[in-house]
Amino acid sequence: MACGAAERGPEPPAFQRHLEASTPRLAHGYGLRSMSALRDQEFGRLAGTVYLDHAGATLFPQSQLTNFTKDLMENVYGNPHSQNITSKLTHDTVEQVRYRILTHFHTTPEDYSVIFTAGCTAALRLVAEAFPWVAQSPENSGSHFCYLTDNHTSVVGMRKVAAAMSVTSTPVKPEDMWSAEGKDAGACDPDCQLPHLFCYPAQSNFSGTRYPLSWIEEVKSGWRSPVNAPGKWFVLLDAASYVSTSPLDLSAHQADFIPISFYKIFGLPTGLGALLVNKHVAPLLRKGYFGGGTAAAYLAGEDFYIPRSSVAERFEDGTISFLDVIALKHGFDALERLTGGMVNIQQHTFALVQYTHSALSSLHYPNGAPVVRIYSDSEFSSPDVQGPIINFNVLDDGGKIIGYSQVDKMASLYNIHLRTGCFCNLGACQRHLGLSEEMVKKHFQAGHVCGDDVDIIDGRPTGSVRISFGYMSTLEDAQAFLRFISAIYLHSPSGQPVPQASISDAGALTSKSDCHSPQEGSCTDPSVCNGSYPDTNIMDLHPSLSKASSIQQTPQDKAAGILNGDPGSHIVTNIYLYPIKSCAAFEVTKWPVGSQGLLYDRSWMVVNHNGICMSQKQEPRLCLIQPFIDLQQRIMVIKAEGMEPIQVPLEEDGEQTQICQSRVCADRVNTYDCGENVSRWLSKFFGRLCHLIKQSPHFQRNARKTPRKGQPPGTAVALSLVNEAQYLLVNTSSILELQWRLNASDEHGKEESFSMKDLISRFRANIITKGARAFEEEKWDEISIGSLHFQVLGPCHRCQMICIDQQTGQRNQDVFQTLSESRGRKVNFGVYLMHSSLDLSSPHFLSVGSEVLPVLKDCGVS
């Protein structure tokens, strides 16, 4: 089944009954406006997409952007620090937005000031640096900085500033804060004015738990104390996550500091936040650095500086992002016009999360085991205790956690966008997942860092999965997510044993007469499909384009037929290079080897109008672009259906090319543009502006993983535009086992069976071998192919690209799902190779039919 957004499929009877019973209780839209109309008119770009990461960033409506753009086109906004008419317009508009923000939070300029910052994190740093800390000394115990462990990283990071000022920092667990009622009230000495700061989130960005706003007054009054310390407590309420879907009344809950980020509420502008400061606290704040616009008077020649009287002007160093501030006006307008306000948004999003939580909790395997483990401190009973966030991990039917990375990859196949990891809230992550400090340190030593896809270490999860709803989320979004979980984890194969692929099986594999198109795409050349194998001299390293095409059209049976050995021989059966990254393969029988791998393998890539590399994950039709290399004429010919072929020289005149920079897998690479002609060709094919760029021959990209043997210490290994290593090898027996599992599934009809040609093309390997047992390649330490020696770097961790049919560009999630289920939820397939030593003083070639000699890890020759 090709998949875009999660499609409606068969559902367990119990799950279907839950949907029918729960649906009538949900709110559908805002007043007279239906959610379908809202989505169609304002969020048409979400068609076919299920976006469930609103806690990360919500989305802006079309009318908000249109009206903001219209505003900019019709008005001239100057620098607010100038005195001209356009600057006065800017100043007045900004001040009006400040008032709008205070009104939104039910307060006034008499009680709070709005300081614009670069985001919530910048607001938190401002508090840390300006708070009137008192250092610990023999005369007093000093100030205390206390923070709930269920806080964002940016709150926890404030302790570094506090430490620099000799202030004690104390993490407070939620359960300890709950039990702190009145027990330290006696510590409140009215004569002691030592300032202390307690920080907690109105809503956990990890679990959606909502902490009582009543804590604000309880802590300030001393009735609830984070620690036993005499002095005066101030409270910072991190409201960034909370106010994205709920109203906050500062007239009732007067925190001293409230940091917010506006993109969490409106979707844009990004990079703009604010710190709301209680007017009673503002005079206590201290400031060191002063920037433009903050001084009432100062001297350059001596230490004389008088700050402006306004709190906002005193702390807004330099020119604020005034156009972004003006954009907020249109954000408020759109939010109120489309929804009627935050109370309606709270009701709508809570109805969705309550329904989804109930349905998700009801999912069980046939043996009664739950499908998910939900991490929460509430029963999702009301919006007072729970926000529109569900944090969970998926379990298998034995109760073991399935890594979040695999869930994320599967979700993307259904075009479901969610968030995984620890969500910049390690304290909550540790608490809910049962991770001790020692475990976290051990995970780091094992190579896990925040934000990566290392999801399971020693059987323990390093993170989880989070979904979150926004004001434009719909019941259909929730049901699509639930169907995805149900379809993937309740419709798994029966688990019957798979026969071990023998060497003779692998040998028989190559005798099949599949039409093997060189581009692994649609077969357009009659000579490709007639099974012919031209009588060419494979020692000719400069074949003409027509001969090169014929060489690469070798079917697997012909590749095997060039050998006169027994079927158990361990040999190379196919060689592929991919001249243009993410485009179709170019198959050869013999090819030169260079310092970066196969000559011209992944030397080019297609980039979008912003210079960002395009891959099949974003643009599946890349697989339909068919490159051919003609070494003799020194050209690459690019073909695609419906397009005239176009030629690109293999090398450009270095003096005529302009070097530009791009990125591949977080690595900076120097490239040059291959010209307007091929850019127009690609742009026409994809229907949007594209460019073809090539790695500069004068730039060396070094591999992060290097061979352990054969290279002198400090030797750099060069890479082309590949993801991780110079070569990727796949074993046909491994493919055969996967094919058996796919075609044995009850869910597949005969018309959906996967051919070997199809599966080989999906894994986009450089070297295909036969003669080893299934997945034996993962036990290799090094191999020799002919005169070439390689270090095996480890398995290739597969992404969603293996779900793309390389002949049609259509997606099918079954390959990824079956591979994940059959390999213990780790989607590994094929191994990376790197030259262990390569003397380029003489030519080297990789050839079909070459003998493969692997060496097992710590064992010897296989």
Accessible surface of the range 790-862 [probe 1.4 Å, protein heavy atoms]: carbon and sulfur percent: 49 percent
Listed residues Phe234, Ala202, Trp223: farthest to the positive end of the dipole of the range 183-273 (Cβ charges): Ala202
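May I ask for the net charge around Gly293, where only other residues with Cβ less than 10 Å from the Cβ of Gly293 are counted and Lys, Arg are +1 while Asp, Glu are -1? Don't skip to the answer; put the middle values down first.
On the way: positive: Arg308, Arg314; negative: Glu313, Glu316, Asp317.
Here the charged neighbours net out to -1.
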Residues with amide H under 5 Å from that of Thr108, placed H, sequence gap 5 or more: none
Amide proton proximity set for Gly387, modelled H, under 5 Å, gap of 5+: Thr209, Arg210
Fraction of the pair-distance distribution of the range 70-339 above 28 Å, Cα-Cα pairs, percent: 37 percent
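Count the net charge of all other residues whose Cβ sits under 13 Å from the Cβ of Glu95, scoring Lys and Arg as +1 and Asp and Glu as -1.
Working: positive: Lys88, Arg98, Arg100, Lys329; negative: Asp92, Glu313, Glu316.
So the surrounding residues net to +1.
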Exposure rank, largest accessible area first [Asp40, Asp781; 1.4 Å]: Asp40, Asp781
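Quick one: accessible area per residue over the range 578-702, 1.4 Å probe, rounded to a whole number of Å²?
Numbers: 5410 Å² over 125 residues.
For the range 578-702, the per-residue accessible area is 43 Å².
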Rounded accessible area of Glu129 (nearest 10 Å², 1.4 Å probe): 90 Å²
Prolate/oblate/rounded label for the range 131-185 (Cα gyration tensor, a/c 1.5): oblate
Whole-number accessible area per residue in Å² for the range 70-339, which is evaluated in the context of all protein chains at 1.4 Å: 42 Å²
Peptides 801-808, 846-853 ordered by average Cβ neighbours within 10 Å, highest first: 801-808, 846-853
Part-to-part distance (alpha-carbon centres) for the range 53-77 and the range 438-456, which is given in Å: 39 Å
Within the accessible area of the range 578-702 (1.4 Å probe), percent carbon and sulfur: 45 percent
Within the range 70-339: Cβ-based charge dipole about Cα centre, in debye rounded to nearest 20 (Lys, Arg +1; Asp, Glu -1): 360 debye
Options Ala584, Met643, Pro697, ranked by Cα towards positive dipole end of the range 578-702, top entry (Cβ charges): Ala584
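Tally up the carbon and sulfur contribution to the accessible surface of the range 70-339 as a whole percent, 1.4 Å probe, everything protein left in place.
Values: 6130 of 11360 Å².
Percent of accessible area from carbon and sulfur atoms in the range 70-339: 54.
For the range 362-464, what does the accessible surface come to per residue with a 1.4 Å probe? Please give it in Å².
Details: 4470 Å² over 103 residues.
In whole numbers, the range 362-464 has 43 Å² accessible per residue.
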Arg701 long-range amide H proximity, modeled H, under 5 Å: Leu719
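Kindly rank 255-261, 69-75 from highest to lowest mean number of other beta carbons found within 10 Å of each residue. It would help to have the intermediate numbers written out before the result.
Numbers: 255-261: 26.7, 69-75: 11.1.
The peptides rank, most packed first, as 255-261, 69-75.
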Protection-proxy order for peptides 644-652, 632-640, each taking the mean of Cβ atoms within 10 Å per residue, highest first: 632-640, 644-652
Protein-only accessible surface order, largest first, of Asp53, Asp455 at 1.4 Å: Asp53, Asp455
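Report the rotationally averaged projected area of the range 732-862 based on its alpha-carbon convex hull, in square nanometres.
Working: hull surface 37.0 nm².
Average of the hull's projected areas for the range 732-862 equals 9.2 nm².
How big is the dipole moment of the range 805-862 about its Cα centre under a simple scheme where the beta carbon of each Lys and Arg is +1, that of each Asp and Glu is -1, and everything else is neutral? Debye, nearest 20, please.
On the way: 5 positive and 6 negative charges, 55 e Å.
That gives the range 805-862 a dipole magnitude of about 260 debye.
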Equivalent ellipsoid, the range 578-702 (semi-axes from 5 times Cα gyration tensor eigenvalues, Å): 20, 18, 15
Thr66 accessible area, 1.4 Å probe, all protein chains in place, Å² to nearest 10: 70 Å²
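Percent relative contact order of the range 289-356, based on C-alpha pairs within less than 8 angstrom and at least six residues apart? List each step's numbers first, then the result.
Working: 44 pairs, mean separation 16.1, N = 68.
Answer for the range 289-356 is 24 percent.
The values are calculated or read from the model by the stated rules, or taken from the named source; none is laboratory data. Owing to the predicted nature of the structure, the values given are computational and were not obtained by experimental measurement. Glycine gets a Cβ as well: all are built from the backbone with ideal geometry, and neighbour counts include every protein chain shown. Only protein heavy atoms, including side chains, enter the accessible area calculation; ligands, DNA and RNA are left aside. Shrake-Rupley method; radii C 1.70, N 1.55, O 1.52, S 1.80 Å.
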